[in-house]
Amino acid sequence: MESPFSQAGFRPDAAFAAAAERFFELLKTFGMPAAGRPADWSALTAPLAGQFEQWLRASQSAGPWFSGSGAPAAAPGLAAGAWSFGPLPLGPAAAQTHEAQRTFELLAKLAQLQGQLAVHWSEIADTAARRFVARLGTGAAAPVSLEQSLKLYELWVSCAEEAYGATVHKEDFSRLQAELANTSAALLVEQRRHAETLVRAFGLPTRNEVDALYAQLKELRRQLAELDDRTRASPAAGSARKAAPSRKARRSGKRARGPRSRR
Amino acid sequence: MKPPGPQPGVDFAQLNLRMAQILVRLRQAREVTVGCSHKHAVWRCGKTTLYRYVPLATARKARKRSDARPLLICFALVNRPYVLDLQPDRSLIRRLLEADLPVYLIDWGDADEADRHVDLEEYIEQHLGGCVRHILASHGIESLNLLGVCQGGVLSLCYSALHPQHVANLVTLTTPVDFHTPDNLLSKWVRGLDTALIEASGNVPGELLNALFLALMPVRLTQQKYVRLLTGSPDERAIEDFVRMEKWIFDSPPQAGAALAQFVRWFYQENRLVRGGLKIGGRPVRLADIRQPLLNLYALEDHIVPSAASAVLGEHVGSGDYSACAIATGHIGMYVSRAARTEIPARISTWLKAHR
């Protein structure tokens, strides 16, 4: 059984290394004021916000819905490429001009939505940094030990999640997430339509044809199950079924046990 | 990666050493096994497999033959059920077996392109219903106990409302009922999804759902938990436990497009369990039709299924014997935390024994 974990996908060591790197970067920032001395924490607002925004842009990309070519995965160590809404290997160039137009429109819309998302990342990062500095107050000294740095880190995580939560619960953000998903899905459907055109040209069955066959098969299964239920529900039919010769008996020419069934 | 240079106040040399040690251990632990209790496949339908767990030797010795009603566990479609039997000391299933309960588990398997049109009716009536009918026939009984977990709890509620004669007692664990509580971030995000487009896109890969769940709290779920490894000096065993959980978290199966689209539309968008109007296979599903004894367990710090989303179940069911219990943990904590090892299985088995 394939899974993103067991195959070339998620690697906990890679995720850990990425998180550790980000942690070290934060420790460096926390240590910027001279250790042990009362610090002017407000000077950290801009670098903290900048780092966080960069991380949000890189890790959240266009939200969980879309991982276009070159877009980093949502979580470090999680392989991109297995996404439903990613572009097919067949680019817009493979389609007819009029068909490609719709794809280009969708790609443009996606870029525009990603731009809107970036505004939110910026807002979240700025709020998180300001909140962090405000919570530290003016009297706090720069950390002198790992334990003190860790306390700062935990505070930073709380501030970051609070700022993130405040924005992502808002209606406009939720609407944007849905629009991103819908545009990504529309792009995928459009690209598959192009692929179908090519498939048809080679005389291969298309998705629609396979789906139609599946629908027929499903309907036949349903009818068979209904028939089976009715047969089981009817005692007369049940006893007749019992009396019918088995396949093996029919093959060997022997009669099955029980009374002979009427023809 | 670039290790940090010397900084005043923080012993980075020690931190770098720790990081290197943990990296090695994480790499060594990548092949950890999951799932510890013996089970046999007893029935199949499409990609769905019904497993029966082998009773434990200790339970067998205590009683020659269990006369308890079989318990069928219906897990979510969006995650793998082995989290309920991750390892011997973190296994809800093992604790239930120790309580001498005959345990069955539904594994929905991996939907492939042939399953893109499998809908909720098929999952509930044919797959879940087929499992129930198989167990009833095997045991020669008319009803069983049903334990629905998370999304599987929603499917179990639907099944119990449609086929009350087959379900003697119902237990729900971290099951969303009211999908429109104000703290339900997932619900807010998917409210505007075009479900027809989702369905037209085919199956939805598990990786996408993983990313969606992680995006609910990205700093805690993709950063802080790893940093805590770095600062906590975990031993080899703790690292293995951690990797087992990681393996489960990132091992979500692909979702049949039709079923997922219906789930999003009917439950997340239209909140039909609470507002009404839900139909499965043309038959109305009403929570008021659930009159069996019902035990509802939910987590107080659940970021996926907020406690308020579960807690309302008692207000909507018709059961005159409804008990609820809120556990002080998170969503995943309900499956693997200390409470999951002790309190939750004890509550379930005690309640089921009182409802024979």
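The values are calculated or read from the model by the stated rules, or taken from the named source; none is laboratory data. What you see is a predicted model; the values in this text were computed from it and never measured. Every residue, glycine as well, gets a Cβ built from its backbone with ideal geometry; the counts of neighbours run over all protein chains shown.
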**Message:** Looking at the structure I just gave you, is A:Ser59 in contact with a helix residue (DSSP H, G or I) (Cβ under 7 Å, 6 or more places away or on another chain), at pLDDT below 90, more than 7 Å from chain B (Cβ to nearest Cβ) and not in a loop (DSSP other than H, G, I, E, B)?
**Reply:** no
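Condition test on B:Thr231, is it assigned to a helix (DSSP H, G or I), crowded, with 19+ Cβ neighbours inside 10 Å, at the interface with another protein chain (Cβ under 10 Å from one of its Cβ atoms) and β-branched (Val, Ile, Thr)? Walk me through it before giving the result.
Values: assigned to a helix (DSSP H, G or I): yes; crowded, with 19+ Cβ neighbours inside 10 Å: no; at the interface with another protein chain (Cβ under 10 Å from one of its Cβ atoms): yes; β-branched (Val, Ile, Thr): yes.
It is false that B:Thr231 is assigned to a helix (DSSP H, G or I), crowded, with 19+ Cβ neighbours inside 10 Å, at the interface with another protein chain (Cβ under 10 Å from one of its Cβ atoms) and β-branched (Val, Ile, Thr).
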**Asked** Checking B:Phe267 against (1) in contact with a Pro (Cβ under 6 Å, 6 or more places away or on another chain); (2) farther than 30 Å from B:Arg94 by Cα, which single condition isn't satisfied?
**Response** (1)
**Prompt:** Which residues, counting only those in the range B:275-309, are of a type in the set (Lys, Arg), in contact with a helix residue (DSSP H, G or I) (Cβ under 7 Å, 6 or more places away or on another chain) and in a strand (DSSP E or B)?
**Reply:** B:Arg283
**Message:** Condition first: in a helix (DSSP H, G or I) and surrounded by 11 or more Cβ atoms within 10 Å (Cβ to Cβ). Now tell me which residues in the range A:194-207 satisfy that.
**Reply:** A:His194, A:Ala195, A:Glu196, A:Thr197, A:Leu198, A:Val199, A:Arg200, A:Arg207
**Fill in**
Within the range A:127-148, residues under 19 Å from A:Ala49 (Cβ atoms) and in a helix (DSSP H, G or I) come out as A:Thr127, A:Ala128, A:Ala129, A:Arg130, A:Arg131, A:Phe132, A:Val133, A:Ala134, A:Arg135, A:Leu136
**Message:** If I filter the range B:160-177 for residues that are modelled with pLDDT of 95 or more, surrounded by 24 or more Cβ atoms within 10 Å (Cβ to Cβ), of a type outside the set (Ser, Thr, Tyr) and in a loop (DSSP other than H, G, I, E, B), do I get at least one hit?
**Reply:** yes
**Request:** Write out, first by first residue and then by second, each pair whose Cβ atoms fall under 9 Å of each other, whose residues are 6+ apart or on separate chains, and whose first residue, in the range A:156-170, is facing chain B (nearest Cβ under 7 Å) while the second is of a type in the set (Lys, Arg) and surrounded by fewer than 22 Cβ atoms within 10 Å (Cβ to Cβ).
**Result:** A:Val157/B:Arg220; A:Ala160/A:Arg131; A:Ala160/B:Arg220; A:Glu161/B:Arg220; A:Val168/B:Lys188; A:His169/B:Lys188
**Request:** Pick out the one residue from A:Gln177, A:Gln191 that is in contact with a strand residue (DSSP E or B) (Cβ under 6 Å, 6 or more places away or on another chain) and crowded, with 17+ Cβ neighbours inside 10 Å.
**Result:** A:Gln177
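When you scan the range A:171-201, how many residues do you find that are polar (S, T, N, Q) and more than 8 Å from chain B (Cβ to nearest Cβ)? Reasoning before the result, please.
Pass one, the range A:171-201, residues polar (S, T, N, Q): A:174, A:177, A:182-184, A:191, A:197.
Still in the list and also more than 8 Å from chain B (Cβ to nearest Cβ): A:183-184, A:191, A:197.
Summing the residues that are polar (S, T, N, Q) and more than 8 Å from chain B (Cβ to nearest Cβ) in the range A:171-201 gives 4.
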**Message:** Residue under question is A:Arg175, and the condition is that it be under 25 Å from the mean Cα position of the chain (by Cα), more than 26 Å from A:Ala49 (Cβ to Cβ) and part of a helix (DSSP H, G or I); does it hold?
**Reply:** no
